[in-house]
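*Asks:* Below is one structure. I have some questions about it.
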Amino acid sequence: GNKKLYFGIAAFSLCWLIAVFLQATKRLDYSWDHFVLNVPSMIYAADIFSDETLEKTDPLGHTYSFGKYITRQANPKVVIAAIDDLSLEEYGWPLPRKYYGDLVQSLNRYGVKGIVFDVIVSKSKLDKDSDNRHFVEAVAKAGNVANLVFKEVGSGEIVYPIKGLAKASAIMAQPHVNAGIDTDGQVRRYMPFWGVFPFFPWLGSEGEDFITYGNLKLKDTAMGREFPDVAIPSIGMAGYAFYTGKHLSQLFLDYREGKILNYRNYLTRKKHPGWDKDEKSTTSSSFRHISFADILTGRLSEEEKECLKGGIVLVGSTAVGAFDHSPSPFWGQFPGVEVHATFLDNAIAGDFRKGLSYVWITLLVLFLPWLPLLIRKYSLATLVSVCSGVLLVLGVGYLVLLANYVLMPFPSIALALFLPFAYITVDKGLAEGREKKWIKNTFGQYLSPKVVDIITKDPSKLSLGGEKRDMTAFFLDLAGFTTMSEKMTPEELTTMLN
């Protein structure tokens, strides 16, 4: 009945809204986002007439078709100093600390704005004091280097760098992104400063739960003495401070809340363009990787040198088996240092993603389920056309919002319409089937099959008053009918007439 159907739709819309708010449907939204971001490359791969120019600038085709509106390439001034397989072959693993000092000196000769180490440089028995001193002195002299302090997994103990490094560093940063890991293992949400993400993001900002310089043993650093209440920045935020020249205290006020990362598409580049002539020696990544070994030996191409000049260098491992893995929308596994580089690039470009307002999500989830209910009295073709049209509008709206850096939870919203539509469509089909069967059984004994078909297709013709039209009536008397009918039962007479 109608009352039960109304109650069912109301209960469904409310329960579905709760499920969306509890992020029970997030995996669907994540999978959809990944699919849409990779559709341009799939179209490009299938299009044999694709542009040759695109083949050179974007061989993986991420910017093909509508991809140019929803993705972009990374800023060439954000560079990864990659501790790659070649570097491990040259210098061993772990790298002696003196090479870090050499790297700082080399990079500053190329004119970089800042250097951020995504490398743990804590106390180790394998290191020589002379190597550590060389690194600390190089950092102190450079004045544009950030190093790490981190919290040990499990124990929660704070681990500090080697003696003197914190004081020598321009910024002490932290590498943790685990607070923002989503259910599919990807880091989409990023804390610019050392804080905690709320489990329910619609409840507001991250609050005041920050780890500051004053909370840690960093009071003898320049930041610790002057601004002890400023939270420890992330690696990406430290790089942004170097790039813009803005003080961390100012950035702390502007970037207190978490950000949603806007990952850059992949490009294929030469591994060692300064000296390797093998055209097949390539690597694919969002950001340019320049080999740690190539920087120390000076075997760089002019293009690499140009990228370093005035750029920010993040030092991290990319060697097989020696880096922390993190999936991106474009690649199953990629070095975790690129997560920090993505934040830095987004901050420079000002194009972080942001979620669709929960007000709009609430309105759509609560009201879309009623649409198929309100139009169920019309034909099945009308029901399908209207609901399909609304889903198409939602899909186009999703792409428009994505191009403007807004993430709509499309599957969550679309299913709020599709599930009631599917139920009502099936119910309507079964009801119409029952109605047609009843008409045929009821009138099939008395009316011409053609008339029965007309009524079956349009039961409204059974309404009182009939249909007005110009006709010719033919009256026929059956000889002996009265005598015949008096000798039969009503059932026998009906059978004989039919």
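*Asks:* R133 to E152: extension gain in nm, 0.36 nm per residue of separation minus the Cα-Cα distance?
*Replies:* Details: separation 19, 0.36 × 19 = 6.84 nm, distance 2.47 nm.
The R133-E152 span can extend by a further 4.4 nm.
*Asks:* While we're here: With every protein chain present, what is the per residue accessible area of the chain (1.4 Å probe, Å²)? Don't skip to the answer; put the middle values down first.
*Replies:* Values: 26650 Å² over 498 residues.
Using a 1.4 Å probe on heavy atoms only, each residue of the chain averages 54 Å².
*Asks:* In whole Å, how far is the Cα centre of the stretch 146-162 from that of the stretch 278-327?
*Replies:* If you average the Cα positions of each part, the centres end up 26 Å apart.
*Asks:* Separate question: Residues in the stretch 48-78, backbone N under 19 Å from the label point at I348 (7 Å along the Cα-to-beta-carbon vector): list them, ranges by number please.
*Replies:* Residues 58, 71-78 qualify, since their backbone N sits under 19 Å from the label point.
*Asks:* Roughly how many Å is it from the Cα centre of the stretch 464-498 to that of the stretch 77-100, as a whole number?
*Replies:* 101
*Asks:* I would also like to ask the following. Would the stretch 352-427 count as rounded, prolate or oblate if I go by the C-alpha gyration tensor, calling it rounded below 1.5 in a/c and otherwise prolate when a/b exceeds b/c, oblate otherwise? Don't skip to the answer; put the middle values down first.
*Replies:* Working: a/c = 3.15, a/b = 2.11, b/c = 1.49.
Prolate.
*Asks:* Take every Cα-Cα pair in the stretch 276-402 and report what % of them are more than 26 Å apart.
*Replies:* Values: 4145 of 8001 pairs.
Pairs farther apart than 26 Å: 52 percent.
*Asks:* OK, next. I'd like the accessible area for Y44, computed on protein heavy atoms only with a 1.4 Å probe and all protein chains in place. Round to 10 Å², please.
*Replies:* 20
*Asks:* Would you mind classifying the chain by shape? Square roots of the alpha carbon gyration tensor eigenvalues, ordered a ≥ b ≥ c; an a/c under 1.5 is rounded, otherwise it is prolate if a/b is larger than b/c and oblate if not.
*Replies:* Working: a/c = 4.18, a/b = 2.76, b/c = 1.51.
Note, shape of the chain comes out prolate.
*Asks:* Taking a label point 7 Å from the Cα of V159 along the Cα→Cβ vector, which residues of the stretch 72-100 have an amide N closer than 20 Å to it?
*Replies:* Output list for this probe position: 83-84, 92-100.
*Asks:* Taking R0 as 56 Å, what FRET efficiency do you get between T495 and S388 from their Cβ-Cβ distance, rounded to the nearest 0.05? Walk me through the numbers before you get to the answer.
*Replies:* Numbers: r = 48 Å, r/R0 = 0.86.
Efficiency computed from Cβ-Cβ geometry: 0.70.
*Asks:* Quick check on the stretch 1-107: take the gyration tensor over C-alpha atoms, sort the square-rooted eigenvalues as a ≥ b ≥ c, and tell me if it's rounded (a/c under 1.5), prolate or oblate. Kindly include the intermediate steps, with their values, before the conclusion.
*Replies:* Values: a/c = 4.11, a/b = 1.83, b/c = 2.24.
Oblate.
*Asks:* Accessible area of the chain with a 1.4 Å probe: how many percent of it is carbon plus sulfur?
*Replies:* 59
*Asks:* What value, in deg cm²/dmol to 500, does the helix sum -39500 (n - 2.57) over DSSP H runs of n ≥ 4 give at 222 nm once divided by the residues of the chain?
*Replies:* Numbers: 21 runs with 233 residues, N = 498.
The helix contribution divided over the chain gives -14000 deg cm²/dmol.
*Asks:* For L380 and T472, what is the calculated FRET efficiency with R₀ set at 45 Å and r taken between the beta-carbons, to the nearest 0.05? Working shown, then result.
*Replies:* Values: r = 37 Å, r/R0 = 0.81.
For R0 = 45 Å, the calculated efficiency reads 0.80.
*Asks:* If a helix is a whole DSSP H run, which ones in the chain reach 15 Å or further along their own axis (Cα) and hold a mean Kyte-Doolittle hydropathy of at least 1.6?
*Replies:* Working: long enough: 2-21 (29 Å, 1.31); 26-46 (29 Å, 0.00); 97-109 (19 Å, -1.18); 129-142 (20 Å, -0.70); 337-349 (18 Å, 0.81); 380-403 (35 Å, 2.37); 410-443 (48 Å, 0.26).
In the chain, the long hydrophobic H runs are 380-403.
*Asks:* Given that compact globular proteins tend to follow 2.2 N^0.38 Å, what is the ratio of the alpha-carbon Rg of the stretch 127-172 to that value?
*Replies:* Details: Rg = 11.7 Å, N = 46, 2.2 N^0.38 = 9.4 Å.
Scaled against compact globular proteins, the figure is 1.25.
*Asks:* Longest exposed-loop-site-free stretch of the chain, with GluC sites (Glu not before Pro), DSSP loop and at most 13 other Cβ within 10 Å?
*Replies:* On the way: sites that count: E152, E157, E208, E279, E467.
After excluding every exposed loop site, the longest remaining stretch is 280-466.
*Asks:* With all protein chains present and a 1.4 Å probe, how do W331, W370, W438 order by accessible area, largest first?
*Replies:* Working: W331 115, W370 70, W438 140 Å².
Reading off the accessible areas and sorting them downward yields W438, W331, W370.
*Asks:* Would you grab the residues whose amide H sits under 5 Å from the one on T212? Only those 5+ places off in sequence or on another chain, please, with H modelled 1.01 Å from N.
*Replies:* I232
*Asks:* Right, here's the next one. Would you work out which of L383, F421, G8 lies farthest towards the positive end of the dipole of the chain? Charges go on Cβ: Lys and Arg +1, Asp and Glu -1.
*Replies:* G8
*Asks:* From Cα pairs below 8 angstrom and at least 6 apart in sequence, can you work out the relative contact order of the chain, rounded to a whole percent?
*Replies:* Relative contact order for the chain comes out at 19 percent.
The values are calculated or read from the model by the stated rules, or taken from the named source; none is laboratory data. Keep in mind that what you see is a predicted model, and the values were worked out from it rather than measured. Cβ sites come from the backbone with ideal geometry, for glycine too, and all protein chains shown count toward neighbours. Ligands, DNA and RNA are stripped out before the accessible areas are found, and what is left, the full protein with its side chains, is counted by its heavy atoms. Shrake-Rupley method; radii C 1.70, N 1.55, O 1.52, S 1.80 Å.
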